[in-house]
Amino acid sequence: MHVIMVIDGSAGDLHPYLAIGTTLLQRNHRVTILANDLYAKIITSQGFNFVSSGPPKELQDRWAMPAMWEAKTAFATAWRYGVAPNLRRRFRQITDLLDDETVLVSSQMSCFAARLVQDALDIPLVTAWVSPLQFMSSHVPMELKVRNRPWLSPHIAKAAKTWFIDHFVGDRLCKNDINHVRQDLGLAPVSSIIRRWVHSPLASVGLFPSWFSPPQPDWPSAAALTGFPLFDMSSSLAPNVELEQFLFNGPPPVLVATGSAMSNGKAYFTTAVDALRGLNLRGIVLTSAPEQLPALPSGFMHCPGVALPSVLPRIRAFIHHGGIGTMAQAFAAGVPQLIVPSAMDQIDNAARICRIGAGLQLAMPICTSTLSQALQTLLEDQTMARRRESICKQMEMDSGVLACARAADLIERVGRDHLPAGERSHVERRSSALAD
């Protein structure tokens, strides 16, 4: 079987697929990853075949837009400047890689082009989602700071919220772009883009456990959950002697991080450092963009990158953005988490960690006093400590290795049931119909 993974997004979006891909390689499947050049080194270092989807500047320019980090504008910005202009190009890039043994696996924002390929060419596709946000439900609506209507009953309010997001956020933004390409491919128009159409009818996989997001009655019929597929990037990082000395020569520090895509985190880091100083806590500030940092006082150090599985068990608490991969690693380590989300799935992830009683969240922008108070509560609350310990034990029993195995099993099942995928002559005929 030839598994082609189509990845668009941040390093946190990529890592779960590297973990699953490694399991597939161990089962003697071929794995090709179509991704931005920014990730060429780590992808090839893990033994995968890498194919470029574009230069780093394409991602970096988008990440530099302030609207990417606002809850109300993030998805629209990602769509207008990332997904929509590249639908036809990404379609061609995927079809150029197809062979008679191909099973596609798509990530968050790559699902649109992958679904077009599936519909046009009858290629087996597994849509794999790193966070619960993509499983829209009227029973547990996504958290995106959409205004609640107090004059509606709770059930109607939830259904109305989901309907609004589906029709006025999803279809209003995405439907015309999708259907223009579908028309060129000789396909019928579609609607309910982000609630229904993005999910492969063969398998739509949630890469998270049911205790984090229980399955809902109105999820797609092909939905399945695997647990968190954890990726350890230790082999891709050089030993950090300074970090080891810092951890050894004092009490456990607090780790402060934003997502790998964040480009405007200076105020966030400054506030976090001030709060930790006020509480007499040491800190490690994690960012690949040191220009975002304030002058770090004694008791603090900067790291451009760390292998979370080796560092998290040795820290006091973790202040971060709420990326699902980061959150999963912290769950596995049992570390206290204070989430400061910006946009996209981060807000929904933060709401879920609070819902299960395992952490706290603060809305941006944050101030020193609010952050200090929340961190004190996080460190002192024994109920949350017991919940974290319970989750940590649960993840020991239901490990990232098992999650990768479940995901690989689902991909293999789709391959067994749906390969060969039909005549490849359709690839050239339909791909050539797309104009730039």
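Are any of the residues in segment 230-248 in a strand (DSSP E or B), crowded, with 16+ Cβ neighbours inside 10 Å and within 20 Å of the chain's Cα centre (by Cα)? Step through it out loud before you land on a result.
The initial filter retains those residues of segment 230-248 that are in a strand (DSSP E or B), namely none.
Within segment 230-248, none of the residues are in a strand (DSSP E or B), crowded, with 16+ Cβ neighbours inside 10 Å and within 20 Å of the chain's Cα centre (by Cα).
From the list Pro420, Pro365, the lone residue that is assigned by TED's automatic domain parsing to the domain that holds Leu279, modelled with pLDDT under 95 and surrounded by fewer than 17 Cβ atoms within 10 Å (Cβ to Cβ) is Pro365.
Just checking, does segment 304-323 include any residue being of a type in the set (Phe, Trp, Tyr) and under 28 Å from Asp61 (Cβ atoms)? First the steps, then the outcome.
First pass over segment 304-323, keeping only residues of a type in the set (Phe, Trp, Tyr): 318.
From what's left, under 28 Å from Asp61 (Cβ atoms): none.
For segment 304-323, residues of a type in the set (Phe, Trp, Tyr) and under 28 Å from Asp61 (Cβ atoms): absent.
Among what's in segment 23-70 and is in a strand (DSSP E or B) and not hydroxyl-bearing (Ser, Thr, Tyr), pick the residue that is farthest from Thr102 (Cα to Cα). Checked segment 23-70; the qualifying residue farthest from Thr102 (Cα to Cα) is Ala35.
Select, from Leu230, Leu237, the only residue that is touching a Gly at 6+ places or on another chain (Cβ under 9 Å) and modelled with pLDDT under 90. Before you say what the answer is, go through the steps one by one.
Values: Leu230 fails: modelled with pLDDT under 90.
The conditions single out Leu237.
Residue by residue through segment 15-47, note down the ones that are of a type in the set (A, V, I, L, M, F, W, C), touching a Ser or Thr at 6+ places or on another chain (Cβ under 8 Å) and in contact (Cβ under 8 Å) with a residue 60 or more places away in the chain. Of everything in segment 15-47, those that are of a type in the set (A, V, I, L, M, F, W, C), touching a Ser or Thr at 6+ places or on another chain (Cβ under 8 Å) and in contact (Cβ under 8 Å) with a residue 60 or more places away in the chain turn out to be Leu34, Ile42.
Give me the pairs, please: first residue somewhere in segment 330-347 and closer than 29 Å to Pro66 by Cα and at pLDDT 90 or above, second residue anywhere and surrounded by fewer than 24 Cβ atoms within 10 Å (Cβ to Cβ) and of a type in the set (Ser, Thr, Tyr), beta-carbon distance under 8 Å, and either six or more positions apart or on two chains. The qualifying pairs are Val340/Tyr268. Counting only helices (runs of 4 or more DSSP H) wholly contained in segment 287-398, the ones carrying 2 or more residues that are of a type in the set (Asp, Glu) occupy 345-355, 382-397. Against the conditions (1) among the small types (Gly, Ala, Ser); (2) at pLDDT 95 or above; (3) more than 21 Å from the chain's Cα centre (by Cα), Ser200 satisfies every one except (3). Only residues that are within 16 Å of the chain's Cα centre (by Cα) and of a type in the set (Gly, Ala, Ser) were counted in segment 58-81, giving 3.
Does segment 12-22 contain any residue that is surrounded by 19 or more Cβ atoms within 10 Å (Cβ to Cβ), modelled with pLDDT of 95 or more and in a loop (DSSP other than H, G, I, E, B)? No, segment 12-22 has no match at all. Would you say Pro253 is in contact (Cβ under 8 Å) with a residue 12 or more places away in the chain and in the same structural domain as Pro66 (by TED's automatic domain parsing)? No; evaluated as a whole, the condition is false for this residue.
Could you list, in sequence order, all residues of segment 87-110 that are in contact with a Ser or Thr (Cβ under 9 Å, 6 or more places away or on another chain) and at pLDDT below 95? Within segment 87-110, Ser107, Gln108, Ser110 meet the criteria.
The values are calculated or read from the model by the stated rules, or taken from the named source; none is laboratory data. Predicted, not measured: the structure shown is a model, and the values here were computed from it. Here Cβ is always computed from backbone atoms with ideal geometry, including for glycine, and neighbour counts include all displayed protein chains.
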